[in-house]
Amino acid sequence: MATIKLTINNQPRTLDVEPDMPLLWAIRDVVGLTGTKFGCGIAQCGACTVHLDGSPVRSCSVPVSAVSGQKITTIEGLSKNADHPVQKAWIAHQVPQCGYCQSGQIMSAVALLKTTPKPTDSDIDNAMQGNICRCGTYTRVREAIHTASAEMNTANKLPKNGAKVGKR
Amino acid sequence: MNTNETLSANRRDFLKLLGLTGAALVVGISSANAEVFGGPVSGLLNINADPVGMALTPYIIIDKTGKVTLMNSQPDMGQGTHQSIPALMAEELGLSLDKVTILQTGGEKAFGGQVSGGSSSVRGNYMTLRKVGASAREMLVTAASQQWNVPANECTVADARVHHKASNRSIGYGDLVETASKLTAPTSPKLKESKDFTILGKATMRPEVPAKSSGKAVFGIDVKVPGMLYASVERSPVIGSKLVSFDDTKTKQVKGVRQVLKASRVLEKNRYDGVAVVADTYWAALKGRRALAVTWDHQGLDKFNTPAYEQHLHELAKQDGLVDHSAGDFAKALADAPTKLEAFYETPMVSHSPMEPMNCVVHWPTDTSVEIWASSQGATIIKENMVAEFKLKADDVKVNITFNGGGFGRRLFQDFVLEAAHIAKAVGKPVKVIWTREDDTQLGPFRPMTFSAFRAGLGADGMPLAFQHKVISPSIEATLGSPHKTGTVDKTMTEGISEQKYEIPNVDNRYVFAELPVPTGYWRAVTSTTLAFAHECFIDEMAHKAGKDPLDYRLAMMTKASDAKRVLTKLREVSKWDKPLPAGWGRGVAQYEFFAGLAGHVVEVSKQKDGSVKVEKVICVIDLGTVVNPDMVRAQTEGAIAMAITAATKPGITFENGAAQQANFDTNPMLRINEMPVVEVHILAEGGPVIKGVGEPGLPPVAPALANAIFMATGKRVRRLPMDLSKLA
Ligand code: FES
Ligand code: FES
C-alpha cells in the first residue's frame, strides 16, 4: 500500500492504495465517483476518459502513483447540474442511448473544444476516434459538438457580466 | 410474429416473457407496498427506493402531495423504455413526464413479464399500459366528480389535476388518491383519441438523458453496498473445459485477496467451471486472478477451429435438409426455367460487446433469501433462474434492475447473475463480480453464423419462377443445451426467409442443422442479421441476371399491396434512386421483414483512391404504424445501422484450438466515429394501429444494401462477411 495525494475535481484527496492500481479503479472504487466508466482496460474505448491537468487521458491505463500530486477532473467535476455547454448540447441533441460511454465522450469533447474551439468534422473525427459508442450515437455526438462549439464561441464574445452561457 | 409450432419451448418462454403472447390487463387496487413489491427481502441498499403513496394499480402510485410514481417494467438498455413505457400511462393520466418519478420493477408478479427484447417493449405494452393509465384516470375523475357532485363526463384531466370547467374548479391527484384507491378499477376505460395526444407520437426529451450526460445514471457496475467484496473469475478460454485443479499460492500473496474458490457459470442448460478470486478491491481480485495457475481438461473442445468448421458447413450444404417452406413445384420450375443461377453466402460469428461489461452484485442476507443488483434485460428471467437454481421462493429473490450499459440480447442471458450468486453465497458477504472486456468478448454467447445456398430459375422476362434459400447453421438453442430435435426445422434459424413479400410461384426453402460446441445467443435482430444479407444480395443477383434495376425488380415481384411494397416505394422516392451518382459511387437497396418489424435501406458508397470503399450514406425507411417517440425511433435506427456496419465489416469472432482469437477492442474492433456514414431515417407511420418493433428492424438491411452498393460501384459481388472495406475498390 502507498499513500497517494492528488486533487480530484478541485478537492485534495489522500488515497491509501496499491501504487499500481489504475487511476480508473481508484476514482471509482476508492474515491467513489462512478461517472467514469470501465470499458476495456487497455486504452481502446475511451469510456474511462478524465482530464489530467486539463488534457484527456485514459484512466484505465494510468497507474494512480503516476499522477500523484496532479489535478484530475472527472465528469462529476464538469458541472453541478449537467449545464456545461457540452452537456447542454448533449441533452439538446438527445445523444445518449444506453449512456455508458457518454462520460468519456463528453470528457473528450470538452478537451477538444478547449484546444480547438471551432472544430471541423475531421477535427472531431481525430479527437473522438478513441471513444467507442457501441450504441452508435456518433451522428449526434458530432452534431452536439458543433452546437456546443457555437454556443461557447458566442458566449465568449459576450461582455463578461452577461456571459451566462458557457459559465461553469 | 412467428408462431410456428416448431418453435422450441425455450424460445416460446422468451416470447411469453416479452409479452407478445397476449398480456392480461393488470389493474388492481393495491395500497400496500408489500403486495406490490413482493415480500421484503433486504433493505441493505435499494437503489430503487420504494415508492411512497397509494397505488391505484401496481404501476401508478400517488402520494398525498400529488407526487406521482410510475413503474417501468421494461429494462432500459438505451432503447428508451425509461421514457416510452411510462409515457403510455402518463399520456392517459394527463401527466408531464418530467414531473413524475420513474422506478424500475424487479420481476414482481404484478407486472407480468419484465423483459426487454425482441423489439417488443412498446408493442407488448402499448394497449395494456394505456388502459392501466386510463383506468386510473377514470378512478380519479370518479372520485372528483363524486366530491363535486357533477357528472364524470364533464371532468377533464391535465397537469396531474382533475378539472371541472363549468364550475371552474380543479383538484390535485394527491387530494383524490385516497378516495380513488377505494373504487373498483374500470376494466374497459375509455382511451384518449390519438388526435388529443400530448406525449405519444411526439419527439419528447427523455427524462434520463441529463443523468446519462453527467455520470449520474446508475449502471450495475456502479452499485456499491456496505461490506461488499469484489471478484474476478478465471474461466477457460476454451468454453466448456472442466476444472482439474488450481494453484492459488501466488494469488494468496496478492495484498487484499481474501478467498479463492471454484465458480460455476450457468448459461441456460450449460454449466461452465471457473475459479473466482475474491478481494477487497477489484484491482486486487484481478491481480490475484492473473497470478493463478489453473489446469483445465478441455475434453476435446480445443479441437474446434473456425476454418475447419466452415468447411464442415460447406459439406453439410450438400444435404437436402428439411423443408422450411414450400410452394408450387420448385424442382420442375427450376428445370424448365430458361435462366438459372446459384450462389453461396457466408457470415461470421460476432460478439454482442455492450460497452458495460457483464457484472453483478449479489447479497444473501440468509441462506434462503437473496438480493441482486444487475444491468439486465430481464428482471423476470433473473427471478425465474434464481428460483430454479437455488430452490428459492420467488418472493425471497429481490431484483434491482439498473440502467443497462447496452444489451443487444446479451443481457437476456443471466449466466453472469447466477455465477455471482453462487460466489456470494459461498463467501457469505455481498460480492460484486466484474467481467473483464476479454471475458466479455471471448466467452459468448455469440451471434451464430449462418451459411446460405441459393438456387433460382428466371423466366424469359427475367422474373423468378423458382427460388430456393437453404440455410446451413447451428441452432442457438442446441448450443445452449437443448438438443436439436432431428427431423425439425429450427425456425429461429430460418427467421424471415419465407416471410418476404416477393411473389414467387415455386419456392423450396430449407434448413440443415449443424452441431456447434460454443454457446450462441440472441443478438440484436437475431438470425435476420445474417440471413437478410444472403437473401437480399441474392435477390440483387437475380435482378442483375435479368438485366433489371434492383429496386424496380423487387417492386415488380410485389403486385399485391403490402407494407414491404410501401417501404420500397417510399425508399425509391426519398433516396432519389433515379438521380445519377458521382463517378466511382454506387448505391444498393435491401429490405427485410421479420418478427421484429420491417425496414428498407439504400446505402451509398464511394471508391477511394487508396483502394478502399467508403460508406457515404445510409437512407432508411422504417415501417411502424404507431410511433411513441419519433426521435427515439431515429436514434435506435442510427444505432442499428452503426451496429450492422460493424458486424458486416469488422473481423468478428473466430476460433483457434477452441478459443476465441479476439479478446478486446484491439482485436475485435467496433465502428468508430470517423467510419460513421451520414444517416437519414424516414418513419412510415401510415400502417394504422399495427405496432411494429423499433430496436431491431434497422439492422438486417444494412449489410445487403452495402454489398449491393459495392457491386454497383466496383463490380465485385461480396458473398462472404465480414467484408474488408479497405480492399474492395
Ligand atoms: S476503459 Fe480505458 S480506454 Fe477503455
Ligand atoms: S450510448 Fe451506449 S455505448 Fe454509447
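Residue count for region A:36-51 under the criterion of being surrounded by fewer than 23 Cβ atoms within 10 Å (Cβ to Cβ) and over 10 Å from the mean Cα position of the chain (by Cα): the result is 4.
Results for (1) farther than 21 Å from A:SER108 by Cβ; (2) assigned by TED's automatic domain parsing to the domain that holds A:LEU112; (3) modelled with pLDDT of 95 or more, shown as yes or no for each residue.
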position: A:ARG13; (1), (2), (3): yes, no, yes
position: A:LEU23; (1), (2), (3): no, no, yes
position: A:ARG28; (1), (2), (3): no, no, yes
position: A:GLY39; (1), (2), (3): no, no, yes
position: A:ASP53; (1), (2), (3): no, no, no
position: A:CYS60; (1), (2), (3): no, no, yes
position: A:SER65; (1), (2), (3): yes, no, yes
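Evaluate region A:29-51: report whether one residue or more is within 9 Å of chain B (Cβ to nearest Cβ) and outside any loop (DSSP other than H, G, I, E, B). Yes. Within region B:238-248, how many residues are surrounded by fewer than 19 Cβ atoms within 10 Å (Cβ to Cβ) and either in a loop (DSSP other than H, G, I, E, B) or without any contact (Cβ under 8 Å) to a residue 24 or more places away in the chain (or both)? So the count comes out to 0.
In region A:114-129, which residue that is in a helix (DSSP H, G or I) and buried (at least 21 other Cβ atoms within 10 Å of the Cβ) is farthest from ligand 2 (Cβ to nearest atom)? For region A:114-129, the residue satisfying everything is A:ILE124. Which condition number does B:LYS609 fail, the rest of (1) touching a residue at least 60 places away in the same chain (Cβ under 8 Å); (2) part of a loop (DSSP other than H, G, I, E, B); (3) away from every other protein chain (no Cβ under 14 Å) being met? The single condition B:LYS609 does not satisfy is (1).
Here A:SER59 fulfils each of the conditions (1) away from ligand 1 (no atom under 16 Å from the Cβ); (2) touching a Leu at 6+ places or on another chain (Cβ under 8 Å); (3) of a type in the set (Gly, Ala, Ser) apart from (1). Among the residues of this structure, A:THR120 does not count as one that is within 26 Å of B:ASN664 (Cα to Cα) and more than 9 Å from chain B (Cβ to nearest Cβ). Please state which one of B:PHE408, B:PHE344, B:PHE330 is within 24 Å of B:GLY444 (Cα to Cα) and either in contact with a Gly (Cβ under 9 Å, 6 or more places away or on another chain) or modelled with pLDDT of 95 or more (or both). Criteria check complete, one pass: B:PHE408. Pull up region A:93-113, narrow it to residues that are among the β-branched types (Val, Ile, Thr) and part of a helix (DSSP H, G or I), then point me to the one that is nearest to the other protein chains (Cβ to nearest Cβ). Once the filter is applied, the top-ranked residue is A:ILE106.
Is one or more of the residues making up region A:10-17 under 14 Å from the mean Cα position of the chain (by Cα), within 12 Å of chain B (Cβ to nearest Cβ) and aliphatic (A, V, I, L, M)? No, that holds for no residue. Scanning region B:249-270 for residues that are surrounded by 15 or more Cβ atoms within 10 Å (Cβ to Cβ) and either of a type in the set (Gly, Ala, Ser) or under 30 Å from B:ALA388 (Cα atoms) (or both) yields B:GLY256, B:ARG258, B:GLN259, B:VAL260, B:LEU261, B:ALA263, B:SER264, B:ARG265, B:VAL266, B:LEU267, B:GLU268, B:ASN270. Evaluation of A:ASP83 against the conditions (1) more than 8 Å from every other protein chain (Cβ to nearest Cβ); (2) more than 30 Å from B:VAL694 (Cβ to Cβ); (3) in contact (Cβ under 8 Å) with a residue 12 or more places away in the chain shows that the sole unmet condition is (3). Scanning region A:94-124 for residues that are more than 16 Å from ligand 1 (Cβ to nearest atom) and closer than 22 Å to B:GLN636 by Cα yields a total of 4. Among all residues of region B:642-650, there is at least one that is in contact with a Leu (Cβ under 7 Å, 6 or more places away or on another chain) and closer than 22 Å to B:VAL122 by Cα. The single condition from (1) among the hydroxyl-bearing types (Ser, Thr, Tyr); (2) closer than 29 Å to A:GLN97 by Cα; (3) part of a helix (DSSP H, G or I) that B:TYR592 fails is (3). Of the residues making up region B:636-681, those that are closer than 15 Å to B:PRO700 by Cα, among the hydroxyl-bearing types (Ser, Thr, Tyr) and within 12 Å of chain A (Cβ to nearest Cβ) are B:THR637, B:THR646. Of everything in region B:529-580 that is of a type in the set (A, V, I, L, M, F, W, C) and part of a loop (DSSP other than H, G, I, E, B), the residue that is farthest from the chain's Cα centre (by Cα) is B:ALA546.
Residues in region B:75-102 that are within 14 Å of chain A (Cβ to nearest Cβ) and at negative phi: B:PRO75, B:ASP76, B:MET77, B:GLN79, B:THR81, B:HIS82, B:GLN83, B:SER84, B:LEU97, B:ASP98. In region B:281-326, what residues are assigned to a loop (DSSP other than H, G, I, E, B), within 14 Å of chain A (Cβ to nearest Cβ) and in contact with a strand residue (DSSP E or B) (Cβ under 7 Å, 6 or more places away or on another chain)? Once the filter is applied, which keeps residues that are assigned to a loop (DSSP other than H, G, I, E, B), within 14 Å of chain A (Cβ to nearest Cβ) and in contact with a strand residue (DSSP E or B) (Cβ under 7 Å, 6 or more places away or on another chain), region B:281-326 yields only B:THR281. In this entry, A:ILE145 is excluded by the filter for residues that are within 14 Å of chain B (Cβ to nearest Cβ), surrounded by 23 or more Cβ atoms within 10 Å (Cβ to Cβ) and within 16 Å of ligand 1 (Cβ to nearest atom). Consider region A:52-92 and keep the residues that are among the hydroxyl-bearing types (Ser, Thr, Tyr) and part of a loop (DSSP other than H, G, I, E, B). The one that is surrounded by the most Cβ atoms within 10 Å (Cβ to Cβ) is A:THR74.
Looking at B:HIS352, is it of a type outside the set (Lys, Arg), surrounded by 16 or more Cβ atoms within 10 Å (Cβ to Cβ), more than 16 Å from ligand 1 (Cβ to nearest atom) and outside any strand (DSSP E or B)? Yes. Of all residues in region B:412-439, those satisfying the criterion of being under 23 Å from the mean Cα position of the chain (by Cα) and more than 17 Å from B:VAL266 (Cα to Cα) are B:THR436, B:ARG437, B:GLU438. The set of residues in region A:42-57 that are more than 16 Å from ligand 2 (Cβ to nearest atom) and touching a strand residue (DSSP E or B) at 6+ places or on another chain (Cβ under 9 Å) comprises A:ILE42, A:ALA43, A:VAL50, A:HIS51, A:LEU52, A:ASP53, A:GLY54, A:PRO56, A:VAL57.
Do we have any residue at all in region A:61-74 that's under 14 Å from the mean Cα position of the chain (by Cα), within 16 Å of ligand 2 (Cβ to nearest atom) and β-branched (Val, Ile, Thr)? There is no residue in region A:61-74 that is under 14 Å from the mean Cα position of the chain (by Cα), within 16 Å of ligand 2 (Cβ to nearest atom) and β-branched (Val, Ile, Thr). Remark: pairs (first residue in region B:174-198, among the acidic types (Asp, Glu); second residue surrounded by 11 or more Cβ atoms within 10 Å (Cβ to Cβ); Cβ separation under 7 Å; 6+ apart in sequence or on different chains) = B:GLU178/B:MET54. For region B:170-216, filtering for residues that are away from every other protein chain (no Cβ under 14 Å) and on the phi > 0 side of the Ramachandran plot leaves 1.
The values are calculated or read from the model by the stated rules, or taken from the named source; none is laboratory data. What you see is a predicted model; the values in this text were computed from it and never measured. Using ideal geometry, Cβ is built from the backbone for each residue, glycine included, and neighbour counts are taken over all protein chains shown.
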